[in-house]
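What follows is a single structure, written as structure tokens, with notes after it.
The values are calculated or read from the model by the stated rules, or taken from the named source; none is laboratory data. What you are looking at is a predicted structure, and each value in this text was computed from that prediction instead of being measured. When we count neighbours, we look across all protein chains shown, and the Cβ atoms used for this are built from the backbone with ideal geometry, even at glycine.
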């Protein structure tokens, strides 16, 4: 049975010409949220008649796989490989993100002098322990890290 609250989808945002400019994956309800990256916002503002198309519906792993494949197929503007404003290679996390030196400097400056209190550290630790206590999450993250290390080793 289809549940719009928990269903996972892959969607493609297209310009009026039909050219894709963003590929996303997530819960079905996430499609209603239009806040993305700066390139996505600029493309939407320049083309107010853009369209969102549901590409597929599936479980978490399947949707992440399809999102990665679509981004690889259409390519990203930021790395010169295509038309998408996506800033990562897709899937879970920030794989393949390109951060400019100016953005790195800005992020670094924002963190300078920021001290984390013992209370905050304790909250962060408790949150991490809760997250890793779930066996499904632990397996998914562990498998993801193994795959990332395998890719990294294969790249050298």
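Looking across the range 128-139, the residues that are surrounded by 10 or more Cβ atoms within 10 Å (Cβ to Cβ) and either over 21 Å from the mean Cα position of the chain (by Cα) or touching a residue at least 40 places away in the same chain (Cβ under 8 Å) (or both) come down to 130, 134.
Condition test on residue 76, is it surrounded by 12 or more Cβ atoms within 10 Å (Cβ to Cβ), at pLDDT 90 or above and closer than 26 Å to residue 148 by Cα? When the stated conditions are applied, residue 76 passes them. Against the list (1) assigned by TED's automatic domain parsing to the domain that holds residue 39; (2) at pLDDT 85 or above, the condition residue 104 fails is (2). Sort through 7, 25 and tell me the only one that's within 18 Å of residue 72 (Cβ to Cβ), surrounded by 12 or more Cβ atoms within 10 Å (Cβ to Cβ) and at pLDDT below 90. Sole residue among the options that is within 18 Å of residue 72 (Cβ to Cβ), surrounded by 12 or more Cβ atoms within 10 Å (Cβ to Cβ) and at pLDDT below 90: 25.
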